[in-house]
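Below is one structure; the comments refer to it alone.
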Amino acid sequence: MKEQVLSRPKKFNTELTDYSVAKNEATGPYAKDLEVDALVVGAGFAGIFMLKTLRDRGLKTVIFEAGNDTGGTWRWNCYPGAGVDSEVPEYEFSWPEVWKTWNWTSNYPTYQDLRAYFDHVDKVLNIKKDCAFNTVVVGGHFDADIGRWLIRTQDGRTTKAKYLVLGTGFSARRYIPDWPGMDKFKGVIHHSSFWPEEKVEVKGKRCAVIGTGATGVQIVQAWGPEAEEVKVFQRTPNLAVPMRKRPLTVEEQERNKKFYPELFGYREKNFGGFLYDWAEKNTFDDTPEEREQFYNKVWAEGGFRYWVALYKDNLMNADANRESYKFWAKKTRDRIGDPRLRDLLAPLEMPHYFGVKRPCLEYNYYEQFNRPSVDLVDIKENPIKEFTETGITLQDGTHHEFDVVAVATGFDIVTGVMTQLGLKSLNNTALQEEWTSGATTYLGLTVSGYPNMFHIYGVHGPTLLSNGPSTVEVQGRWIADAIDKMEKQNIKYINPKPEAAKEWKQHILDLNNRSLFPTVKSTYMGGSIPDKVFEPVCYSGGIPTYKAEIRQALDDMGGFEVVKAPSK
């Protein structure tokens, strides 16, 4: 896949290396020849959780972050309308010293709220003293003789670390289709994940939004009331569900904080890491009238409840799933006035099973299309052919003129994050090449041939089927305990056995094949990157089962080659 690199004045960077900045000072985490116990890549929820957890256990730990501050996704994502789709307090760290001194403005924070939250986390925990920013990892291999990772960064620094923890998540590699002529377009163009900090003016402008994932939906909600014209380029409708966003008072939050310790434990006991779970019954255990009543209740409560708090067979049984889609379509179609748009946005015949693509949350997305200034361009059968100086031309020759274009085409999902780091195995093979034919991990935490390397909220973990902080803390504690075990038992390194990795991959496939996920190309099946392998990239058995399985594996260590260090 070739990526289009456009001129710097458009601020349309396409690679993390565009953000590498060499520091004059060469001290602390910026030292040219740094040696640490653990190197963590990424300063979002995963990276910060690992930094504090390992630091508290006495390990010298630093974070390398490609961006210029903490927050991960929430430093990169500043496009119009950007916000999180998990509620608080589900979506925050469980550390009392952090939540006791913090309150939110609403139940679904915006990116501005989350940036302020990460600044608060730093203020409480002094995170940044151990962070190197604008630091992009471009290569690394494990030296088995010395039992250390040797990591290279774009600016020429080398770091030695016994443990390498990739807190890079699932969406750090942007996907930008190679449309001809993008460099010719004379208007303003940005990819959603490289959006500039300064406001992009759309008042009185003709605007395009390419893509209808969560990002596209959020941009449309922000631009619809403001722009002179918005055209949304849709390949597949987004089966979005109501967010039910509301303000939170300080009094309400302070009153509820006595329950927080129990809530943080409870979120790990539910399938998706939320404070709700599947209904105990199957869909057809209820009469049609009872189903209608149940769907209405879940719909009114909002959020991801109308996804992972429906009947327990909804992602398994095709007939059951159709019932949930019919209800969704009826509710959504009632909100759209134009019959043509109604059929494109919420068709009577479902484009795919409901929930096999992660729904996004919206609050007035469908109402935007009732504005005369907002329209939808169906590109399923008539795709984008090229950009011109003035706009976008479709395959059939239709031309649309624009002043501002938002490219909301998403990411090389889940696997692309790890394969862009230039990592090599003990056999000197590149991870990027190894995973061309499909990803293989052990426990969704480790990779065979890459000793002492761990990853969080990535390949073969609950990841996209879960609330981020819930999975981060489950996996992060496991990694810290694995490292603790190694330190206490004088273990030089652990390396997942190829046969254990093969069995885990089969387990991922078996779990997935019980569901409706394999019926459509989606983020759960590797995403929409051309020529990428169609395979499951997430663990679909839910957090409680996952947690039990990885803990058992850590108890017996049978899936690892364990190499002891020489006796001291």
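The values are calculated or read from the model by the stated rules, or taken from the named source; none is laboratory data. All figures in this text were calculated on a predicted structure; none of them were measured in a lab. When we count neighbours, we look across all protein chains shown, and the Cβ atoms used for this are built from the backbone with ideal geometry, even at glycine.
For region 208-225, the condition of being out of contact with any His (no Cβ under 8 Å at 6 or more places or on another chain) and surrounded by fewer than 16 Cβ atoms within 10 Å (Cβ to Cβ) holds for at least one residue.
Among the residues of this structure, Tyr325 does not count as one that is outside any strand (DSSP E or B), among the aromatic types (Phe, Trp, Tyr), modelled with pLDDT of 95 or more and over 19 Å from Arg291 (Cβ atoms).
I'm trying to understand the selection: among the residues of region 256-272, which are surrounded by 14 or more Cβ atoms within 10 Å (Cβ to Cβ) and free of Cβ contacts under 8 Å to residues at least 24 places away in the same chain? Within region 256-272, Tyr266 is the sole residue that qualifies.
For region 443-498, the set of residues classified as of a type in the set (Phe, Trp, Tyr), over 16 Å from the mean Cα position of the chain (by Cα) and not in a strand (DSSP E or B) consists of Tyr450, Trp478, listed by residue number. When the strands (runs of 3 or more DSSP E) confined to region 333-398 are screened for residues that are touching an Asp or Glu at 6+ places or on another chain (Cβ under 7 Å) and modelled with pLDDT of 95 or more, those reaching at least 1 such residues are found at 391-394. Working only within region 287-315, note down all residues that are free of Cβ contacts under 8 Å to residues at least 12 places away in the same chain and of a type in the set (Asp, Glu). Within region 287-315, Glu289, Glu290 qualify. Right, Glu97: part of a loop (DSSP other than H, G, I, E, B) and either touching a helix residue (DSSP H, G or I) at 6+ places or on another chain (Cβ under 6 Å) or surrounded by 20 or more Cβ atoms within 10 Å (Cβ to Cβ) (or both) or not? So Glu97 does not fit the description; no. The single residue among Asn238, Asn296 that is crowded, with 16+ Cβ neighbours inside 10 Å and closer than 30 Å to Arg371 by Cα turns out to be Asn238. Beta carbons closer than 8 Å, at least 6 apart along the sequence or on distinct chains, pair a first residue in region 388-402 that is crowded, with 18+ Cβ neighbours inside 10 Å with a second that is among the acidic types (Asp, Glu) and in a strand (DSSP E or B) for Gly391/Glu401; Ile392/Glu386; Thr393/Glu386.
For Gly224, indicate whether it is in contact (Cβ under 8 Å) with a residue 12 or more places away in the chain and touching a helix residue (DSSP H, G or I) at 6+ places or on another chain (Cβ under 8 Å). Criteria met by Gly224.
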